[in-house]
Every structure is written in C-alpha cells, then in structure tokens.
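Working notes, structure below.
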Amino acid sequence: MSVRYIIIWVFVQLIFVPGALAIADEYTLQRKQMIEGIADDVRKTAEHINKKSFNDIVMQAMDVVPRHEFVPQNLHSQAYENRPLSIGYGQTISQPYIVALMTDLLQPEPDQHVLEIGTGSGYQAAVLSQLVAKIYSIEIIEELGNSSTRLLDRLGYGNIETRIADGYNGWLQHAPFDSIIVTAAISHIPPPLVQQLKKGGRMVIPVGSRFQTQYLTLVDKDMQGNVTTRQVLPVSFVPFTGGH
C-alpha cells in the first residue's frame, strides 16, 4: 500500500471509527441499564414468580442481544427502555422484563429444540438462540415474518428456522419440542401445542383475551404425559390471530 493511500485510510478511520465506537459504547451502557431495570422488576414481582433473580445465563443473553436492531429506526433511542414498543402491523416487541421472564420459565438447556409461536420482531427468538440448540419460529403476518427472517439472517442467528403460518397447529414436522413459547394471548391453551410438547417439557403462554385479564401461564408436562398449569403473572399481550 502506498504512503498516499495509508494516509487516506488513517484519515478515514479517524473520522468514522470514533463515532461508531461511541454509538456502540452507548448501546452497551443502555443494555446494562436495561439489565438493572429487569433485576429491579424481578425483585418487585418475586412473590408472583417465586424467585428473586433470573438465571445468570438468561441475563447474559439479554445483555448481548442488540434490541435496537429489532425495533424501527426511529425508536432506536428507546430500544433499551424496559417497556414494549410498536413494530408495526399492530404488533409489539415485548417488554425486556417479560422476555427475560418467559425465557427463564422455560429453563433452557443447550441441547433443546424450542417452538416459538409469534416470531414478531425476532427479538425473543434471538435471546433464546443464545441458550438452546434450535428454534422453530412461526409468524402469521407474512410481511412481518419475512422482515424478521431477513434480519435474523443478517445478524447471524443461524439456529433459528422460520415459517409463515397459523401457529395454532404448531409445527408437526419438527415435533416433539423440549419447550414451547407463545408470544400472543389466546383464550385457551391450544391442544395441538400440548400434544407437540415433549414429556418433561414446558410451555409458556399468555392466556386470556383483549377484554379479560391475561395471565402468563406455565404449562408442565410430566414424564407420564400429565399436564399441569400455573398462572404466573398478569400480563398484556397482543391477541393471537388465526383460524382457530
């Protein structure tokens, strides 16, 4: 490389790199503040969720996934606030505390295969992808599902497979699943999802409707195939859509 081009290269680095590093550092700081907000919410809700802290691996996953990438550009400055944000199509990206809670309730393990109903922005799948072997994610809104798939591919989340479909019937081709996560509220627990849950598996799903109290519900299937449910916390999710 000639001296001339070295000088130009150094000049470009001096102009552009500090700004990029400053933005990166700011997002890193904001994620740390988000983590603190989640921990504070855990303490406030400890009586309901029966724990005073989330698993360290869950918090580490929340700390590395760039939430600003999963919201519209005009909301980047709000991306790490501990609240839901609109992502268009009448959908939202869930509050970080709720994402962490649902992830923690699943008790993720490195060898697990997880079914997600409601890809949405792709953020919940991205968090889970740090913790499990494979995620199968279904989105019913075609434009949103295609956009999320492109984003997840661009960011390098290679263990997430997506599909445009009605999630009520699950994804029989890849069943049974170690765990299932549903990111939209429905009036009942879909029987096909219960059937596709492995023995010993867990499902986290918001149960209720737009006009009723919704409860984040934990579904446990024991090794004999018996199913029990527990209401964890009142929540507010967008409604489940589809032909059911």
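The values are calculated or read from the model by the stated rules, or taken from the named source; none is laboratory data. Quantities reported herein were computed from a predicted structural model and do not represent experimental measurements. Here the Cβ is made from the backbone with ideal geometry for all residues, glycine too, and neighbour counts use every protein chain on show.
What the table below lists for this structure:
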{"quantity": "Leu193, sole failed condition from (1) of a type in the set (A, V, I, L, M, F, W, C); (2) within 21 Å of Val127 (Cα to Cα); (3) in contact (Cβ under 8 Å) with a residue 60 or more places away in the chain; (4) surrounded by 18 or more Cβ atoms within 10 Å (Cβ to Cβ)", "calculated": "(2)"}
{"quantity": "Residue count, the range 101-149 (criterion: of a type outside the set (Asp, Glu) and either within 20 Å of Thr229 (Cα to Cα) or touching a Pro at 6+ places or on another chain (Cβ under 8 Å) (or both))", "calculated": "14"}
{"quantity": "Flag for Leu101 being in contact (Cβ under 8 Å) with a residue 40 or more places away in the chain, crowded, with 21+ Cβ neighbours inside 10 Å, in contact with a Lys or Arg (Cβ under 7 Å, 6 or more places away or on another chain) and not hydroxyl-bearing (Ser, Thr, Tyr)", "calculated": "no"}
{"quantity": "Among residues of the range 196-213, those that are buried (at least 21 other Cβ atoms within 10 Å of the Cβ) and modelled with pLDDT under 95, counted", "calculated": "1"}
{"quantity": "Test: residue in the range 104-122 that is hydroxyl-bearing (Ser, Thr, Tyr) and in contact with a strand residue (DSSP E or B) (Cβ under 6 Å, 6 or more places away or on another chain)", "calculated": "yes"}
{"quantity": "Any helices (runs of 4 or more DSSP H) falling wholly within the range 91-158 and containing at least 1 residues that are under 10 Å from the mean Cα position of the chain (by Cα) and not polar (S, T, N, Q)", "calculated": "96-105, 123-129"}
{"quantity": "Asn55 being of a type in the set (S, T, N, Q) and closer than 21 Å to Leu128 by Cα", "calculated": "yes"}
{"quantity": "Scope the range 108-128; condition among the polar types (S, T, N, Q) and either surrounded by fewer than 24 Cβ atoms within 10 Å (Cβ to Cβ) or out of contact with any helix residue (DSSP H, G or I) (no Cβ under 9 Å at 6 or more places or on another chain) (or both); matching residues", "calculated": "Gln112"}
{"quantity": "Hits in the range 129-147 - residues which are without any contact (Cβ under 8 Å) to a residue 40 or more places away in the chain, crowded, with 20+ Cβ neighbours inside 10 Å and either hydroxyl-bearing (Ser, Thr, Tyr) or over 9 Å from Ile164 (Cα atoms) (or both)", "calculated": "Ser129, Ile135, Ser137"}
{"quantity": "Verdict on Thr162 being surrounded by fewer than 13 Cβ atoms within 10 Å (Cβ to Cβ), hydroxyl-bearing (Ser, Thr, Tyr) and outside any loop (DSSP other than H, G, I, E, B)", "calculated": "no"}
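The rows are residues; the columns are (1) touching a residue at least 40 places away in the same chain (Cβ under 8 Å); (2) part of a strand (DSSP E or B); (3) not hydrophobic (A, V, I, L, M, F, W, C).
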residue: Ile189; (1), (2), (3): yes, no, no
residue: Asp220; (1), (2), (3): no, yes, yes
residue: Gln231; (1), (2), (3): no, yes, yes
residue: His244; (1), (2), (3): yes, no, yes
